[in-house]
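Trainee: Handing you this structure, nothing more for now.
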Amino acid sequence: MKSRYHDIYAGWKSDPEGFWAKAAGDIDWTKPWDEVFQKVDGLDRWFVGAECNTCWNCVDRHVEAGRGDQAAIIYDSPITGAKRTYSYSELQEEVACFAQVLTDKGAARGDRVIIYMPMVPEAAIAMLACARLGVIHSVVFGGFAAAELATRINDCDPKLIVSSSCGIEPGRVIAYKPLLDEAIELAKAKPAGTIVLQREQATADMKAGYDHDWQTEVDAVRAAGRGADCVPVKATDPLYILYTSGTTGQPKGVVRDNGGHMVALKWSMSAMYGVEPGEVYWAASDVGWVVGHSYIVYAPLLHGCTTILFEGKPVGTPDAGTFWRVISEHKAVCLFTAPTAFRAIKKEDPKGEFIGKYDLSHFRTLFLAGERADPDTIEWAQQVLQVPVIDHWWQTETGWTIAGNPVGLGTLPVKLGSPAVPMPGYDIQVLDEGGHEVARGELGAVCVKLPLPPSCLPTLWNADERFRDSYLTAYPGYYETSDAGYMDDDGYLYIMARTDDIINVAGHRLSTGGMEEVLASHSDVAECAVVGVADKLKGQLPIGFVVLKSGVNKKPEEVESECVKLVREKIGAVAALRTVMVVSRLPKTRSGKILRATVRSIADGSDWKMPATIDDPAILDELTAAMTARSVGSL
Ligand code: COA
Ligand code: AMP
């Protein structure tokens with residue numbers, strides 16, 4: 001089939017508002033918009049004046065349309081052995097009951113509720129219940145420590161926190177409640193109470209009158225025959241805040257609106273993923289990340305699909321065949337995951353022998369995102385799965401694909417190493433430092449000409465100025481993605497690296513600046529640097545370098561392990577900082593800037609040039625010797 005992509009993209013370019021108005025026809029609105037697009041208080045807003053409810057469009061609408069008996073969520077947890085299916089009707093009831101519980105505990109439209117939960121269906125139910133009430137949720141990934149949770153509590157000042165007694169990682173149960181209690185203790189903003197789902201693997205201690213038991217509350221509401229209805233909200237009202245790493249330890253609160261988000265996500269389901277309502281869609285991510293928000297919860301449900309909520313790992317739960325078992329058992333038509341998951345599977349099962357044990361006849365497409373998909377991984381996946389492997393590029397800030405290969409419009413030829421072409425809505429230009437477009441094939445800053453399409457962040461939570469400074473200032477008239485890359489003569493984009501302090505570890509976005517703040521807080525550390533070095537499994541791994549204050553008599557190993565522990569305590573295990581090295585000095589420019597990029601290139605074994613502005617070149621030799629002794633990166 002000839003791809004319709006080029007015609008559709010050209011159609012969007014000639015009439016962007018008409019394009020999105022047409023797409024908006026697939027959503028139920030309680031009040032139509034006055035303007036498809038308008039600047040409001042200096043911010044770009046979509047579907048201004050319209051009213052809608054995201055939960056209605058994800059759940060109730062499908063029950064009304066006759067999908068009540070169809071599975072909405074399949075929870076499959078190889079880590080606990082649990083499985084459960086919720087039909088759309090059951091989901092409607094659960095969500096309405098939990099929304100009633102939230103209401104009874106005082107949460108109302110415009111309030112914030114933090115959801116700090118593992119991959120259990122109640123996490124999705126809590127998100128949808130918030131959406132039902134116009135309450136703004138903020139899901140915090142379970143791998144973050146108490147201090148990170150506290151930062152988010154302070155920033156969004158939640159009315160309530162919904163949590164669980166524990167999360168489960170291979171070989172260990174992580175009790176969430178002590179982390180939650182510590183975070184509330186640390187935070188200046190104090191929520192009015194918590195609602196905690198008790199899981200059998202660990203029981204949380206509850207404070208009477210403050211901590212409420214999920215099941216008891218829901219049972220009481222159900223027994224009384226109560227349940228909250230959908231509350232119409234403005235299309236431009238926030239649906240959620242999702243914190244993501246910025247260049248400092250203070251995360252950015254990405255705001256997602258209700259209307260534009262639904263329109264873009266619904267459109268993406270058929271155009272980008274080529275999936276029909278009623279089919280089974282699987283994103284193996286976590287509800288704590290943007291992929292989990294968009295493609296475990298909202299988009300598949302908006303589209304009337306069945307979504308799989310998987311609590312497990314690509315390997316070890318119980319083996320490298322888990323993904324194929326889930327696809328086969330639930331008849332998933334596609335899988336969306338991070339390349340790192342495939343690298344983990346390939347390491348355990350290089351010949352893909354587990355695949356032969358399962359019937360994958362329903363499976364059509366593998367989608368990869370979250371980090372650069374290296375050609376080796378794509379080729380391996382293509383060969384063992386015998387389906388198209390589609391890389392696509394996006395960010396927490398956008399909530400959906402910026403560049404991809406639109407399977408539903410007719411797949412374009414796959415070029416290894418490229419996430420393919422801009423989606424309608426995105427006029428991508430690669431710019432030089434002066435803001436001029438570079439020639440095709442030349443590396444530059446990948447930017448999107450404003451306005452951004454529906455679903456993209458209108459601003460950061462309570463931080464319009466930071467939003468402008470972070471994204472709109474460096475290249476006036478453009479959104480700066482902070483990714484560097486190039487476009488080839490066919491208009492295919494290649495995303496090569498971040499231009500800021502963000503690193504990508506196992507598909508998780510982390511800030512080296514944030515880790516440096518933690519290392520610098522160690523009482524023996526005078527100065528420090530954290531760089532992300534290439535790693536065969538996780539894509540990148542952070543490595544820390546610390547210079548000790550004069551007069552510190554401890555053994556270097558002692559400070560090193562204290563530093564590792566400190567980052568784990570303050571940021572969380574997910575930071576995956578396992579190597580910290582005490583060095584006598586750090587390489588700097590004459591003006592005192594630490595040469596992090598040079599250190600990274602040395603560790604990666606990539607080509608590097610001696611920076612002309614370096615203060616003392618001998619320091620690089622010292623550092624190379626120290627890294628070689630520890631087998632850092634490729635050394
Ligand atoms: N709650 C608590 N701890 C968590 C956690 C969670 N939800 N997720 C990860 N962690 C912990 C891990 O247990 C690990 O702890 P450890 O240092 O004690 O071993 C640490 O954080 C680092 O985790 P990770 O980097 O994920 O490494 P891993 O070895 O546990 O797993 C992979 C490696 C590749 C299997 C795993 O990262 C993976 O499946 N990645 C896919 C990523 C993904 O889905 N990204 C979303 C974008 S699509
Ligand atoms: P996150 O906000 O966690 O989704 O991370 C976004 C960042 O991950 C992007 O800015 C890129 O640096 C990287 N990224 C995501 N998807 C891809 C991809 N397909 N190819 C290359 N980099 C990617």
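The values are calculated or read from the model by the stated rules, or taken from the named source; none is laboratory data. All figures in this text were calculated on a predicted structure; none of them were measured in a lab. All Cβ positions, glycine included, derive from the backbone under ideal geometry; neighbour counts span all protein chains shown.
Trainee: Which members of region 155-173 meet the condition of being surrounded by 18 or more Cβ atoms within 10 Å (Cβ to Cβ) and outside any helix (DSSP H, G or I)?
Mentor: Matches in region 155-173: Pro158, Lys159, Leu160, Ile161, Val162, Ser163, Ser164, Ser165, Cys166, Gly167, Ile168.
Trainee: Inspect all residues belonging to region 117-139 and state whether any of them is within 16 Å of ligand 2 (Cβ to nearest atom) and either of a type outside the set (Ser, Thr, Tyr) or in the same structural domain as Pro78 (by TED's automatic domain parsing) (or both).
Mentor: The answer is yes, given that some residue of region 117-139 is within 16 Å of ligand 2 (Cβ to nearest atom) and either of a type outside the set (Ser, Thr, Tyr) or in the same structural domain as Pro78 (by TED's automatic domain parsing) (or both).
This table checks each residue for (1) within 11 Å of ligand 1 (Cβ to nearest atom); (2) touching a strand residue (DSSP E or B) at 6+ places or on another chain (Cβ under 8 Å).
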site: Pro300; (1), (2): no, yes
site: Ile308; (1), (2): no, yes
site: Thr317; (1), (2): yes, no
site: Ala332; (1), (2): no, yes
site: Phe336; (1), (2): yes, yes
site: Ala344; (1), (2): yes, no
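Trainee: Which pairs turn up if I take residues in region 58-80 that are basic (Lys, Arg) and look for partners that are surrounded by 20 or more Cβ atoms within 10 Å (Cβ to Cβ) with beta carbon separation below 6 Å, at least 6 apart in sequence or on another chain?
Mentor: Arg67/Tyr88; Arg67/Gly304
Trainee: Taking the stated definitions as given, is Ser270 among the polar types (S, T, N, Q), at pLDDT 95 or above and within 15 Å of ligand 2 (Cβ to nearest atom)?
Mentor: In short, no.
Trainee: Do we find that Gly408 is in contact (Cβ under 8 Å) with a residue 12 or more places away in the chain and assigned to a loop (DSSP other than H, G, I, E, B) in this structure?
Mentor: Judged against the criteria, Gly408 is not a match.
Trainee: Right, here's the next one. Give me the pairs, please: first residue somewhere in region 500-528 and closer than 23 Å to Gly288 by Cα, second residue anywhere and among the aromatic types (Phe, Trp, Tyr) and within 16 Å of ligand 1 (Cβ to nearest atom), beta-carbon distance under 9 Å, and either six or more positions apart or on two chains.
Mentor: Within 9 Å, the pairs are Gly507/Trp289; His508/Phe141; His508/Trp289; Arg509/Trp289.
Trainee: Which members of region 356-400 meet the condition of being aromatic (Phe, Trp, Tyr), under 18 Å from Cys447 (Cα atoms) and part of a loop (DSSP other than H, G, I, E, B)?
Mentor: Result: Trp394, Trp400.
Trainee: When the residues of region 369-408 are filtered to those that are of a type in the set (Phe, Trp, Tyr) and under 18 Å from Tyr273 (Cβ atoms), which remaining residue is nearest to ligand 1 (Cβ to nearest atom)?
Mentor: Filtering first and then ranking leaves Trp394.
Trainee: In this structure, is Pro422 touching a strand residue (DSSP E or B) at 6+ places or on another chain (Cβ under 8 Å) and either among the small types (Gly, Ala, Ser) or in contact (Cβ under 8 Å) with a residue 40 or more places away in the chain (or both)?
Mentor: So Pro422 passes the test.
Trainee: Return the total of residues in region 295-338 being of a type in the set (Ser, Thr, Tyr) and either within 16 Å of ligand 2 (Cβ to nearest atom) or in contact with a Cys (Cβ under 9 Å, 6 or more places away or on another chain) (or both).
Mentor: Residues in region 295-338 being of a type in the set (Ser, Thr, Tyr) and either within 16 Å of ligand 2 (Cβ to nearest atom) or in contact with a Cys (Cβ under 9 Å, 6 or more places away or on another chain) (or both): 3 in total.
Trainee: Being assigned to a loop (DSSP other than H, G, I, E, B) and in contact (Cβ under 8 Å) with a residue 60 or more places away in the chain is the filter; apply it to region 278-308 and report the residue that is farthest from Met127 (Cα to Cα).
Mentor: This residue is Gly278.
Trainee: Further question on the same structure: Any residue in region 368-379 that's free of Cβ contacts under 8 Å to residues at least 24 places away in the same chain: show its pairings with residues that are outside any loop (DSSP other than H, G, I, E, B) and within 12 Å of ligand 1 (Cβ to nearest atom) at Cβ separation under 6 Å, as long as the two are six or more apart or on different chains.
Mentor: Every condition considered, no pair remains.
Trainee: Against the condition at pLDDT below 90, surrounded by fewer than 16 Cβ atoms within 10 Å (Cβ to Cβ) and assigned by TED's automatic domain parsing to the domain that holds Val531, how does Asp621 come out, does it pass?
Mentor: Against the criterion (at pLDDT below 90, surrounded by fewer than 16 Cβ atoms within 10 Å (Cβ to Cβ) and assigned by TED's automatic domain parsing to the domain that holds Val531), Asp621 does not qualify.
Trainee: Scan region 56-83 for residues that are of a type outside the set (A, V, I, L, M, F, W, C) and under 25 Å from the mean Cα position of the chain (by Cα) and report the count.
Mentor: Residues that pass the stated criteria total 7.
Trainee: Look at region 542-599 and say how many of its residues are surrounded by 13 or more Cβ atoms within 10 Å (Cβ to Cβ) and within 16 Å of ligand 2 (Cβ to nearest atom).
Mentor: 6
Residues checked against (1) away from ligand 2 (no atom under 16 Å from the Cβ); (2) under 16 Å from Val333 (Cβ atoms); (3) modelled with pLDDT of 95 or more:
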{"position": "Ile355", "(1), (2), (3)": "yes, no, yes"}
{"position": "Ala369", "(1), (2), (3)": "no, no, yes"}
{"position": "Asp376", "(1), (2), (3)": "no, no, no"}
{"position": "Pro388", "(1), (2), (3)": "no, yes, yes"}
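Trainee: To continue, here is another question. Filtering region 1-46 down to residues that are aromatic (Phe, Trp, Tyr) and over 30 Å from Val63 (Cα atoms), which residue is surrounded by the fewest Cβ atoms within 10 Å (Cβ to Cβ)?
Mentor: Once the filter is applied, the top-ranked residue is Phe37.
Trainee: If you don't mind, another one. With respect to Ser328, determine if the residue is outside any loop (DSSP other than H, G, I, E, B), of a type in the set (Gly, Ala, Ser) and more than 21 Å from the chain's Cα centre (by Cα).
Mentor: yes
Trainee: Working carefully through the options Val101, Val120, Val113, Val36, find the one that is touching a helix residue (DSSP H, G or I) at 6+ places or on another chain (Cβ under 8 Å), closer than 23 Å to Tyr295 by Cβ and among the aliphatic types (A, V, I, L, M).
Mentor: On inspection, the qualifying residue turns out to be Val113.
Trainee: Now for a different question. At least 1 residues that are near ligand 2 (Cβ under 8 Å from one of its atoms) and either basic (Lys, Arg) or out of contact with any Phe, Trp or Tyr (no Cβ under 9 Å at 6 or more places or on another chain) (or both) in each: list the strands (runs of 3 or more DSSP E) lying fully within region 470-509 that qualify.
Mentor: Qualifying strands (runs of 3 or more DSSP E): 493-498, 502-505.
Trainee: Just give me the residues in region 486-525 being at positive phi and either buried (at least 21 other Cβ atoms within 10 Å of the Cβ) or within 16 Å of ligand 1 (Cβ to nearest atom) (or both), in sequence order.
Mentor: Ala506, Gly507
Trainee: Any residue in region 390-405 that is more than 13 Å from ligand 2 (Cβ to nearest atom) and either at positive phi or touching a helix residue (DSSP H, G or I) at 6+ places or on another chain (Cβ under 7 Å) (or both)?
Mentor: no
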